[in-house]
Structures are given as structure tokens and as C-alpha cells.
Amino acid sequence: MISSFVNKFKIHFNLCDLNSEALICEQHKSLARQLPSLYLAGITSMFSVIAVNFNTAPAWAVIYIPAPALLFSFWRFVHWIKVSRNIESYSLEKRRKDVRMVIIMSPVLTLVFTVLAIVLLFHGDLYQQTLSVLLLWATVGVAGYSMSSVPQASITSVFSSSIPLFVAFIESHDNLLTTISIGYISLSLLSIYILLNSFRAFSFLVYSRQELKEKHEKMHKLAYTDPLTGLANRRNFKEKLIKKVKQSAGTEQKFAVCILDMDGFKTINNLYNHAGGDLVLVEIGKRLEKLIGKNGLVARLSSDEFHIQAYDVTSENDAEKLGRAIHKTLREPVLVDGNRVDISTSIGISIYPESGLTPSHLVKRAVQAQNKAKRSGGGRTRIFAMRYETEILERAGLLIDLKAALERDELEVYFQPIVDLQTGRYAGFETLARWNHPERGFVPPEVFITLAEEKDLIEPLTICLLRKAAAVAATWPADIKLAFNLSAQQVCNPNFALTILAILNETGLPPHRFEAELTETAMMLDMEKALLMVSNLKQVGISISLDDFGTGYSSLSQISNLPLDKLKIDKSFVDNVSTSKKMRNIVRTIIGMCTVLKLKSVAEGIETKEQYKALKAAGGHLGQGYLFSRPLRADKIKGRFFYDPLKDAA
């Protein structure tokens, strides 16, 4: 146990560890407190001994030997006075140099003082001899305890005093002095034992304090640092923001709060697991920290949400530059398991003091701007403007109206034909939601459906629309299907399959005539649950269509593993299919892939006869768009189950 103790504090043979920063600093502080008094005591003792023996001892003993020692002592006394007054400004190397100097010079100075005392001991009367010995003992004792924090200095000082004195007393052949020498040696050994124990206690205190300091720093780091990225966390960001606002209050100083949220991060997690997602987050943190540098603070507050305090952003122009710089630095894909993962972020920025005078207002309004960027399609930067507050109020009012519309059953369903490109016959209709507000007029579906998804109204909205659409579709010919879009929440809820089946049973629409349209983005949010949902639908005969293919994260391997029946080719591919050879080849490739996988392809957004001809020539299976018909009310469908202009387009 003693051995482990000695090893722990490094005092087995090497009593002073000059490599320990904590120990050196504490030793230096202790010496700065004690040595001025020690040198003053030594100088006083030296003068006292010289004065007592000045008339009886030779000149070399009272002048020539003491003078250099006194000058050196006075120089060191002045040095340590200066050290004690400015100790915090001393570097570790200067502290180490001072401690080394004490270790070297203390025994030398003690030896000089001892030799002088021995010389004077044999001059003068008994009174003078006794005074010299007492002053020697007192000075050595004070020196030992003054330097107890540096045992190499204190113990060697005791030895450099006791050994010469012991030898001199023995060589005197005086019985009294011989007896005194034995007692002096005993006291010296006791002093060394006490000094060792004192140093053990001192070093234990130093290392315990250091350990507590390290634990405190570790706890502080845990409390103020995000463990994954090493960036500041929520508490750190909040405290720094409060401090920055206080510093800026009443001045013309401006700064910005910037909030980033990744677009589709859940999809990345699902594709590459959380380890891949973590790798992406760490890389984003590194890039942002490198970009912002010392001109701000970068923090990670939640899964994929990063906050920035940008101290050099003082205007909207600066904020726009910051947004462009962030998009640029994050545009380079991140490699995850050898795959290139593209990063898209929605950025919101608020500027102090225009956007708010308090930390909470700055964050709140940066969030509002960020939400605006996300609703604008993602991958954008928005700087807070007061009109956003008005928009929020309008959305709150719209939400109230939407709830009321659901209660009053005011929402309608329209139907857009899906046409067989080779025969011109209608294969089915896609359901579209419509809301004609009595005061607001026509509310775009992307507005109220997005609002319903955000505010947990999508399920009652879906049930309402599905019940109406299924009731209409039940009256159509048996070969006409009903296509209906499901939201991400419903795709990831396997139990919703029972709700769909109940509505189909209630309205009399056979499951094999119902087609669930899912977006690939919704599928990737939680692939496991989505596959279970799809499996439940397939078991009862419902067909599955993947919407907006080519705009998300799907790969050929993923498509081949999904139990799909149809693949919808996004309008962005169809727009230039008749004018761009490259785009025509891409569409032909997608259609060929569908044929190989035994899927039907559905081209969206067909608006011209040229597009229709190009898709038909490419072997396209199905299509929809304004060329065939705009969305129709149920009563406008009647017997329209064939594309009349087919002859003109052929």
C-alpha cells in the first residue's frame, strides 16, 4: 500500500517531479510565500554571527567568506519578492527554472553557512560558540521547513549542515561536543522524516486538487459540449448568447443567430443506419466550425439541428453571404460506406437588434425563418422579416379554419385520369384534395395538406377524403382503379392499413381496385415500418405505386426489393422528354427498368402531344397530365374513360 502511494505521487527516489505541471506550480507558489522570509532570516543570522565574532575571528572568516554569501542571499531575496508579487504571470518554464535553482543553491548556501559557523566555533569564548551553534540550528531548521514543498532542497540542506558539523564535533575530541553531535544527528534524521511526511501530505493535496480540477473540467465539458461533434451544446449556446446580448445592449454592435436543419436527415439514417448519420453530423460540424472560426460559435442542439452565433454578420447582405457560404461548404458530398451522400440544409437567420432584443426572440425568429426556408422546398436561406410573424398568424387562423372544415365536411375530392399510353383507355384516376374556403377562396393543396401534416390533422383529413373518393370509385367500371396518396405518417403506421381496408369495405370498393401511392421520401423515413405497412396492404390485394421516382434517395437495389406494382416518373423528367435526347434516354431507361422488374410506369405531367408521342414511342405504359384532362369533379367524369384526341396525337 505504501509502495503504491509512493509510486502514485512519484516520491520514491525522485522526490520532486519537475515534469508535473501541477506540482511545479504549487511548489513555486509555496517557495514564493516562504523564501523571502527565509533569506531575510539567513541574512540576519549571518550578520549576528559576524557581529558577535568580529573582534575575535580572523578577517577572512567574518568578511571575505560571508560577503559573497550575503550578496547572493540579498539578490535571491529581491528575486523572490518580485516573484511573489507577479507569480501569476510566470510561465511553467520559468517556474521550473526557479525550482531547479532552489534545489541546486540551497544546499550550497547552507554548506557555506555551516562551514562559517564551524570556523567561528573554534574562536571566541563559550558564549560566542553557543550563539553560533544556536543560530546555525535555527537557520537550518527554518530553511528545512520553508522548503518542505521541495524535499530535494530541504533534505540536502539538512544533510549539508548536519554532516560537516557532525564531523567537526567528532574531530574536536571534546566529550561535550561529541555528545551534542549525536543529538544533532538524531534531530536531523527526525527533521528529514518530518519533511518527507510533510511533502507526502503536500503532494497528496496537490494531486488531489489536480484530480478534482480534471474531474471538474470533464464535467464542465460534458455539461457544455455535444458529445458526438465536440461542438457547443444547448446550454453553452444559450449562455453565450445571453452574454453576447448583454455586451451588445446599448451599443451599435450587431450579430446574427443562424439555425440550420438538414433536409431529409431521417432518410440518411434509415439508409446508412445511425452510425452513417453520425458520421455525416460530425463532418457537418467540422465544416461549419472551420467556416465560422473565431468569428462566432457553432453548436449542435438536437439530432440534425445546428445553431450559429455569427459575430461578423451586421446586415442582411452579410447574412445572405453567410447563407451562401454555408450551402457551399456543405454542398460537397460526405462519403458513407463508400457512398456519396448529398447534404441539403434549410437555413434561418435573425439579426440583432432588428430581429429581436432578447436571446429568446432571436432564436424564435431564426426558427421562423428556417421553417420558411423548409416550406419553400428546402436547401434555401431565409432572413427573418416581420411579415413572417403575419404569416404565422395567418397559418394559425388557417389551422382553425381547417379543423372547422373537417368538422363541416367541406373538403372535396377531384380526380385526374391515368391513361394507358398505348391504347388511350383510362386505367384509373388519381385522387386530388380541394378546399374552397368561403372567405379565403381556393386554398392550394400543398398549403393545407402540409399544415395538416405539421399539426397532426393528416389522419382525419385522409380518412375524410378517402371515404369520399372510394364511394365515387365504387360506381366506376370494374377495370378502373382509384389511386390515393398516403402521407409519410400513414406510410410508417402499419395499423393504418386496417383503416384503409375498413373504408374500402364500407364503401364497397374492392381492394384490388385501390392503389396506394407512396413517395420514396416517406418510405425512407422508417423503412422497416413502411415495409410492414406495404406488406399489410399487399396481402389484401391493394397495389402499391411509388410516386416522384428519381427525386429522392432510391437506388435500383432498393426499388428491386420493394413490393411495388407501379413507378411514377416525375414531371421534371417528362418536361423535356420531347426536346432533349439525354432526357429521352433517361426516361427510356426508367421505362425499361420497370419492364424488367415487371412494374408499370406512370409518366406524370404530360401537357403536350409531343411529350405523349415521345413517351409512347419509348414504350411508356401509363401517363397523366393536362393533355388528357384537368382534375375533374365526380359528377364531371360520367362516361369519360377514353382519351378522345388519341387519333390526332398518333
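The values are calculated or read from the model by the stated rules, or taken from the named source; none is laboratory data. Nothing here was measured: the structure is a model prediction, and the numbers come from that model. In this analysis, Cβ positions are derived from the backbone assuming ideal geometry, glycine residues included, and neighbour counts consider all displayed protein chains.
Taking Lys529, is it at pLDDT below 90 and among the basic types (Lys, Arg)? Don't jump to the end; show me each part of the working.
Working: at pLDDT below 90: yes; among the basic types (Lys, Arg): yes.
In short, yes.
For residues that are touching a Cys at 6+ places or on another chain (Cβ under 9 Å) and at pLDDT 90 or above, tally how many sit in the range 307-340. Write out each step before concluding.
Going residue by residue through the range 307-340, those that are touching a Cys at 6+ places or on another chain (Cβ under 9 Å) are 307-310, 313, 319, 322-323, 326.
With the extra rule that they be at pLDDT 90 or above, the set shrinks to 307-310, 319, 322-323, 326.
Residues that pass the stated criteria total 8.
All but one of (1) loosely packed, with under 15 Cβ neighbours inside 10 Å; (2) at pLDDT 75 or above; (3) not acidic (Asp, Glu) hold for Asn19, so report the exception by its number.
It is condition (2) that Asn19 fails.
Would you be able to say whether some residue in the range 496-504 is within 36 Å of the chain's Cα centre (by Cα) and in contact (Cβ under 8 Å) with a residue 12 or more places away in the chain?
Step one: list which residues in the range 496-504 are within 36 Å of the chain's Cα centre (by Cα), which gives none.
Among the residues of the range 496-504, not one is within 36 Å of the chain's Cα centre (by Cα) and in contact (Cβ under 8 Å) with a residue 12 or more places away in the chain, which makes the answer no.
Here are some conditions: (1) crowded, with 24+ Cβ neighbours inside 10 Å; (2) in a loop (DSSP other than H, G, I, E, B). Asp312 meets all but one. Which one does it not meet?
(1)
Step by step: first the residues of the range 75-100, then only those that are among the hydrophobic types (A, V, I, L, M, F, W, C) and farther than 13 Å from Ile24 by Cβ, then the one that is nearest to the chain's Cα centre (by Cα). Which residue is that? Outline the logic, then answer.
To start, the set of residues in the range 75-100 that are among the hydrophobic types (A, V, I, L, M, F, W, C) comprises 75, 77-78, 80-81, 83, 87, 92, 99.
From the residues that got through so far, the ones that are farther than 13 Å from Ile24 by Cβ too are 75, 77-78, 80-81, 83.
On the way: Trp75: 54, Phe77: 52, Val78: 51, Trp80: 46, Ile81: 47, Val83: 42 Å.
Here the answer is Val83.
Does Ser149 satisfy the criteria of being crowded, with 16+ Cβ neighbours inside 10 Å, assigned to a helix (DSSP H, G or I) and modelled with pLDDT under 80?
Numbers: crowded, with 16+ Cβ neighbours inside 10 Å: yes; assigned to a helix (DSSP H, G or I): no; modelled with pLDDT under 80: yes.
For Ser149, the condition - crowded, with 16+ Cβ neighbours inside 10 Å, assigned to a helix (DSSP H, G or I) and modelled with pLDDT under 80 - is not met.
Answer yes or no as to whether Val341 is within 14 Å of Met262 (Cβ to Cβ) and among the β-branched types (Val, Ile, Thr).
Numbers: within 14 Å of Met262 (Cβ to Cβ): yes; among the β-branched types (Val, Ile, Thr): yes.
So Val341 fits the description; yes.
Looking at this structure, is Lys215 farther than 15 Å from Pro151 by Cα and either buried (at least 16 other Cβ atoms within 10 Å of the Cβ) or in contact with a Leu (Cβ under 7 Å, 6 or more places away or on another chain) (or both)?
Details: farther than 15 Å from Pro151 by Cα: yes; either buried (at least 16 other Cβ atoms within 10 Å of the Cβ) or in contact with a Leu (Cβ under 7 Å, 6 or more places away or on another chain) (or both): no.
Taking the combined requirement at face value, the residue does not satisfy it.
Please work out if Gly550 is under 19 Å from Asn485 (Cα atoms), at pLDDT 90 or above and surrounded by fewer than 20 Cβ atoms within 10 Å (Cβ to Cβ). Reasoning before the result, please.
On the way: under 19 Å from Asn485 (Cα atoms): yes; at pLDDT 90 or above: no; surrounded by fewer than 20 Cβ atoms within 10 Å (Cβ to Cβ): yes.
No: the conditions fail for Gly550.
Just a yes or no: is a residue in the range 246-265 closer than 30 Å to Glu528 by Cα and part of a helix (DSSP H, G or I)?
Yes.
Would you tally the residues in the range 194-218 being more than 17 Å from Ala153 (Cβ to Cβ) and aromatic (Phe, Trp, Tyr)?
Total meeting the criteria: 2.
State yes or no: is Thr114 surrounded by 15 or more Cβ atoms within 10 Å (Cβ to Cβ), of a type outside the set (Gly, Ala, Ser) and either within 22 Å of Ser20 (Cβ to Cβ) or touching a Leu at 6+ places or on another chain (Cβ under 8 Å) (or both)?
Working: surrounded by 15 or more Cβ atoms within 10 Å (Cβ to Cβ): yes; of a type outside the set (Gly, Ala, Ser): yes; either within 22 Å of Ser20 (Cβ to Cβ) or touching a Leu at 6+ places or on another chain (Cβ under 8 Å) (or both): yes.
Judged against the criteria, Thr114 is a match.
Is there a residue in the range 366-383 that is more than 25 Å from Pro444 (Cβ to Cβ) and in contact (Cβ under 8 Å) with a residue 12 or more places away in the chain? Steps first, answer last, please.
Going residue by residue through the range 366-383, those that are more than 25 Å from Pro444 (Cβ to Cβ) are 366.
Now narrow it down to the ones that are in contact (Cβ under 8 Å) with a residue 12 or more places away in the chain: 366.
Yes - at least one qualifying residue is present in the range 366-383.
Test each condition in (1) surrounded by 20 or more Cβ atoms within 10 Å (Cβ to Cβ); (2) more than 18 Å from the chain's Cα centre (by Cα); (3) farther than 30 Å from Gly338 by Cβ for Ala249 and report the one that comes out false.
Result: Ala249 fails condition (1) only.
Identify, please: which residue in the range 480-495 is part of a loop (DSSP other than H, G, I, E, B) and touching a residue at least 12 places away in the same chain (Cβ under 8 Å) and is, among those, surrounded by the most Cβ atoms within 10 Å (Cβ to Cβ)? Can you show your working first?
Within the range 480-495, the first condition is being part of a loop (DSSP other than H, G, I, E, B), and the residues that meet it are 480, 486-487, 492-495.
Subsequent filtering for residues that are touching a residue at least 12 places away in the same chain (Cβ under 8 Å) retains 480, 486-487, 492-494.
On the way: Ile480: 18, Leu486: 24, Ser487: 20, Cys492: 20, Asn493: 18, Pro494: 18.
Going through the qualifying residues, I end up with Leu486.
Going by what's in this entry, would Ala471 be described as surrounded by 17 or more Cβ atoms within 10 Å (Cβ to Cβ) and not aromatic (Phe, Trp, Tyr)?
Details: surrounded by 17 or more Cβ atoms within 10 Å (Cβ to Cβ): no; not aromatic (Phe, Trp, Tyr): yes.
So Ala471 does not fit the description; no.
Hey, can you tell me all the residues within the range 508-525 that are assigned to a helix (DSSP H, G or I) and out of contact with any Leu (no Cβ under 9 Å at 6 or more places or on another chain)? Reasoning before the result, please.
Taking the range 508-525 and keeping what is assigned to a helix (DSSP H, G or I), we get 511-513, 520-525.
Hits for the range 508-525 are His512, Thr521, Leu525.
If I filter the range 20-74 down to residues being touching a Gly at 6+ places or on another chain (Cβ under 6 Å) and in contact (Cβ under 8 Å) with a residue 60 or more places away in the chain, which single residue comes out as nearest to Gln152 (Cα to Cα)?
Asn53
Exactly one condition in (1) of a type in the set (Ser, Thr, Tyr); (2) surrounded by fewer than 18 Cβ atoms within 10 Å (Cβ to Cβ); (3) over 33 Å from the mean Cα position of the chain (by Cα) is false for Thr462; which is it?
Going through the list (1) of a type in the set (Ser, Thr, Tyr); (2) surrounded by fewer than 18 Cβ atoms within 10 Å (Cβ to Cβ); (3) over 33 Å from the mean Cα position of the chain (by Cα), Thr462 breaks only (2).
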